[in-house]
Amino acid sequence: MAKVIDSKIPAGPVPEKWKEYKAHQRLVNPKNKLKLDIIVVGTGLAGASAAASLGEMGFNVYNFCIQDSPRRAHSIAAQGGINAAKCYQNDGDSVYRLFYDTVKGGDYRAREANVYRLAEVSNNIIDQCVAQGVPFAREYGGMLANRSFGGAQVSRTFYAKGQTGQQLLLGAYSSLSCQVQAKKVKLFTRYEMEDVVIVDGRARGIIAKNLTTGKLERFSANAVVIATGGYGNTYFLSTNAMGCNCTAAVQCYRKGAYFANPSYVQIHPTCIPVHGDKQSKLTLMSESLRNDGRIWVPKKLEDAKALQQGTKQGWEIPEEDRDYYLERRYPAFGNLVPRDVASRAAKERCDKGFGVNNTGLAVFLDFSESINRLGLDVIMQRYGNLFEMYEEITDVFPGDVANEINGVKYYKPMMIYPAIHYTMGGIWVDYELQTSIPGLFAIGECNFSDHGANRLGASALMQGLADGYFVLPYTIQNYLADQAVWPKVATDRKEFDEAEKAVNAELDRLLGIKGKRSVDSIHKELGHIMWEYVGMGRTAEGLKTGLKKMHDLEKEFDTNLFVPGTKEGLNVELDKAVHLRDFFTMGQLVAFDALSRNESCGGHFREEYQTEEGEAKRDDEHYFYVGCWEYKGKGNEPELIKEPLEYEAIKVQTRNYKN
Ligand SMILES: Cc1cc2nc3c(=O)[nH]c(=O)nc-3n(C[C@H](O)[C@H](O)[C@H](O)COP(=O)(O)OP(=O)(O)OC[C@H]3O[C@@H](n4cnc5c(N)ncnc54)[C@H](O)[C@@H]3O)c2cc1C
C-alpha cells in the first residue's frame, strides 16, 4: 500500500478559497528589510527571474549557473512564444479558459489549484516583460501580436519572432544585473551544484564545484531554490541544449526530495529527423509553424516508397494524393492538436509505412497553401529565422517554389519527426513550491507542478516566469518567516564536511575506473535504450527489458568508463561523467514510473492501454494521482508515494480534439 501525501492545497470551493489563501501569503510584507540569504541554483528564465525578484525584495541571493553567463542558459533556445490570457484578439479567451485548456492539455493529471494560479498570473508576466523592454511582436496599430499554439482554439501566444526565450531572458537578465549592481545578488558563473546540504532535516546550503578550477566550495543559506531545468537529455538525443542535465535534481532526490511523475516526458512532433548515428543533438522546428504549415504524408503506399527511395519528391505529389492526417482525424483542432497527440499520429503513419524520408521516419510540414494565400513576405515575417535555420541544417529552403500542378504552386516542404523535448515530471513541490525537504524549493522545468501528463506549447516559459516573478517570492516567505530568528549555519559543520567528502569520493571513483569507454559512447547507448523501451510507445514487457538493459549498462559505466585528466582545473569529461551517473538514476526512475502506471495519459503512452482508434486510454479509477518516488539507494526500487488529485472546478473527462 503506497503512502499518501497532500499538497497543502486548501479544501473548499474554488476559486474563493484560493484567493483567501493567496491573501494569507501576502501577510509577510515584501517591503520588510530582510537579512536572509537564499541560494538560487540556475539562471534560466525560472532562476534568473526568481533571483532578480528576491534580490529586489531585500534578500541576499547567491545565484549559480554552469554557463559563463546567465544569458547562455538553455531558456534562450525557446522559440515560439509564451501564453497569457489577455484576450487581445477578442476571441473569447479568459483566465478560466487558459486554466481549462492547460488542465485538459495535461490529460487531467495536473494539480488544479496550481494551474489556476498560473493562468491568473499569466497576464502579469507579459506586463512585467514589456516593462523590461522585451520586444514582443506587435500589430501594425501597436498592440502586442498573438499566434496560436497547440491545444487551444484561441490566439494567446505572445512572441518575439522565433527568439522568444532569448528576449525574455535578456529582460530577466537586465533585472538581475540591476540587483547584482545593487549588491543584492552575487553571481557564481561556471559553478555546478553537486549536492544539497541538509542540517536538522532542512536544506541549509550546497556544495558547488568551480568548473574552472575544479575546486569544491561550500555555501550556506537560509533556503535553497533549484531552477536547474529538465531531464530530457537522459535520452541522449533531444532538442535540449547539450549542457542540460539533471544532476542537481537527482542529488536532491537522493537526499530525500520526492520525484514526481518522471514518466511524463514530452515528445515534440516537429523536430528535424535524425539523419545518422553521429548526431549529438536534435533541432526543434517551433510549434508556431503549425499555425501556417500543414502536416501530411502520401495517401498511397507506392508514393511513400518512392519518396523513401528518392525517386520522387514531395512537391510532385498532387493535392488529391496527400493525406493531411491531423486535419482528417481531428477536424476541430487540425494541425494544432497538442504535442502528444500530433507525435503519436506521426508515429502511427510512419509505422504503417507512410514515412517520407530515406529512413521512413518523417512526415511533411508544408507551407504551400499559406504562401499561396498570404505571400512569402508575410510567412517570412512570421517564421523567417526558422526557415533559415532549417535551410542551414538541411540545405532545403521551405520558401522555394518547386513545382506547379494544375495552376497550384507547390513549395519545398520541411521534413519533421517527433523527438524528446521537455519533461513534465520533476521534483515534487507543494502549492508553495517547497519540496518534501523543508527549506528546499524547486521552480521552472525542474519541478513537476503545472503541466500534468502533457505540456501545451508556450506554457513552459509562462510557468518558469510565473514561478520566478510571482509565486516563489511570496511563498518562500512563509517558510522564511519563522527562520528569521535562526542565523544561517556555518560551513564548517559536520554536515558540510560529510557532503563535500562524499562528492570528492565520487569524483575519485569516476576518475579511478580507468576503463575503455568514453562518457558519450555509454550515454548514446543509454539513449538508445530509453528511446526504444521508454520512448513514445511503452509496454510492460519493454519497460522491464529496458530496466534490465539500463542496469547492465550502468554496471558497464561503473567498471569500464574512461575519464581522462584529473580533478584539478577544467575537466569537461569528468563533469559529463557526473551527469551521466545521474541520467542512469533518472532513466530508471522514468521506467519505474511508466511501469507502475497501467494507463496511457499525455506523454505516457502504454500500448496496452489505447482505444480502438489508437488514442490514449486513461484509468482515472486507479491512477488519478501524482506519482511521487522516494529514493531507496542505488540499485533498489524506489518507493511510490501518492498524492491524490482533487478536481473541484473542472469536470474530468476524456480528452477530445475531434469536435
Ligand atoms: C528548442 C526549444 C524550444 C522551446 N521553445 C519554447 C517556447 O517557445 N515556449 C515555451 O514556453 N517553452 C519552450 N521551450 C521549453 C522552455 O525553453 C524550457 O522549459 C524553459 O526554458 C526551462 O527554463 P528553466 O529556467 O526551468 O531551466 P533552463 O533554462 O534549462 O535553465 C537551467 C539553469 O540551471 C543551471 N544549472 C543546471 N544544473 C546546474 C547545476 N548542477 N549547478 C548549477 N547550475 C545548474 C543552468 O546553468 C541554467 O542556468 C523550448 C525548449 C526547447 C528545447
Review point. Pick from 472, 507: which is more than 27 Å from the chain's Cα centre (by Cα), in a helix (DSSP H, G or I) and within 16 Å of the ligand (Cβ to nearest atom)?
Key: 507
Practice item. Among the numbered conditions (1) under 30 Å from the mean Cα position of the chain (by Cα); (2) of a type in the set (Lys, Arg); (3) closer than 27 Å to residue 62 by Cβ, tell me where residue 548 comes up short. Key: (3)
Review point. Within the stretch 32-68, can you find the residues that are hydroxyl-bearing (Ser, Thr, Tyr) and more than 6 Å from the ligand (Cβ to nearest atom)?
Key: 49, 53, 62
Review point. In the stretch 161-182, what residues are modelled with pLDDT under 95 and more than 10 Å from the ligand (Cβ to nearest atom)?
Key: 161
**Study point:** In the stretch 606-653, residue nearest to residue 329 (Cα to Cα) [restricted to those that are among the hydrophobic types (A, V, I, L, M, F, W, C) and touching a Leu at 6+ places or on another chain (Cβ under 7 Å)]
**Key:** 624
Exercise for review: Filter the stretch 484-501 down to residues that are aliphatic (A, V, I, L, M) and exposed (fewer than 15 other Cβ atoms within 10 Å of the Cβ) and give me whichever is farthest from the chain's Cα centre (by Cα).
Suggested key: 485
Study note, to complete from the structure: The lone condition residue 135 fails out of (1) without any contact (Cβ under 8 Å) to a residue 40 or more places away in the chain; (2) not in a loop (DSSP other than H, G, I, E, B) is (2)
Revision key, fill the gap. Scanning the stretch 155-190 residue by residue, those under 20 Å from residue 63 (Cβ atoms), out of contact with any strand residue (DSSP E or B) (no Cβ under 8 Å at 6 or more places or on another chain) and assigned to a loop (DSSP other than H, G, I, E, B) turn out to be 182, 183
Point to revise | Qualifying residues in the stretch 396-422 (those that are among the aliphatic types (A, V, I, L, M) and away from the ligand (no atom under 16 Å from the Cβ)) - the one nearest to residue 448 (Cα to Cα) | key: 415
Practice item. Please indicate, with yes or no, whether at least one residue in the stretch 76-88 is in a loop (DSSP other than H, G, I, E, B), in contact with a Lys or Arg (Cβ under 7 Å, 6 or more places away or on another chain) and near the ligand (Cβ under 7 Å from one of its atoms). Key: yes
Point to revise | the stretch 517-544 - residue that is free of Cβ contacts under 8 Å to residues at least 40 places away in the same chain and not acidic (Asp, Glu) and, of those, farthest from residue 598 (Cα to Cα) | key: 521
Check your understanding: Does residue 465 meet the test of being touching a helix residue (DSSP H, G or I) at 6+ places or on another chain (Cβ under 6 Å), more than 25 Å from residue 324 (Cβ to Cβ), within 15 Å of the ligand (Cβ to nearest atom) and not in a strand (DSSP E or B)?
Key -> yes
Review point. Just checking, which of 369, 327 is closer than 23 Å to residue 657 by Cβ and touching a Gly at 6+ places or on another chain (Cβ under 8 Å)?
Key: 327
**Study point:** Residue selected from the stretch 423-461 under the condition under 17 Å from residue 248 (Cβ atoms), assigned to a loop (DSSP other than H, G, I, E, B) and of a type in the set (Phe, Trp, Tyr), by the criterion farthest from the ligand (Cβ to nearest atom)
**Key:** 428
Practice item. Assess whether residue 483 counts as being away from the ligand (no atom under 16 Å from the Cβ) and more than 16 Å from residue 50 (Cα to Cα). Key: yes
Revision key, fill the gap. When (1) crowded, with 18+ Cβ neighbours inside 10 Å; (2) within 27 Å of the chain's Cα centre (by Cα); (3) within 30 Å of residue 490 (Cβ to Cβ) are applied to residue 289, the one that fails is (3)
Practice item. Name the residue, out of 107, 101, 91, that is outside any loop (DSSP other than H, G, I, E, B) and of a type outside the set (Gly, Ala, Ser). Key: 101
Exercise for review: Can you work out which of the residues in the stretch 600-646 that are of a type in the set (Gly, Ala, Ser) and in contact (Cβ under 8 Å) with a residue 24 or more places away in the chain is nearest to residue 423 (Cα to Cα)?
Suggested key: 603
Exercise for review: Just one of (1) within 14 Å of the ligand (Cβ to nearest atom); (2) buried (at least 24 other Cβ atoms within 10 Å of the Cβ); (3) not in a loop (DSSP other than H, G, I, E, B) trips up residue 71, so point out which.
Suggested key: (2)
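The values are calculated or read from the model by the stated rules, or taken from the named source; none is laboratory data. Note that the coordinates shown come from a computational prediction; the quantities given were computed from them, not determined experimentally. A quick note on method: Cβ atoms are made from the backbone with ideal geometry, for glycine too, and the neighbour counts reach across all protein chains shown.
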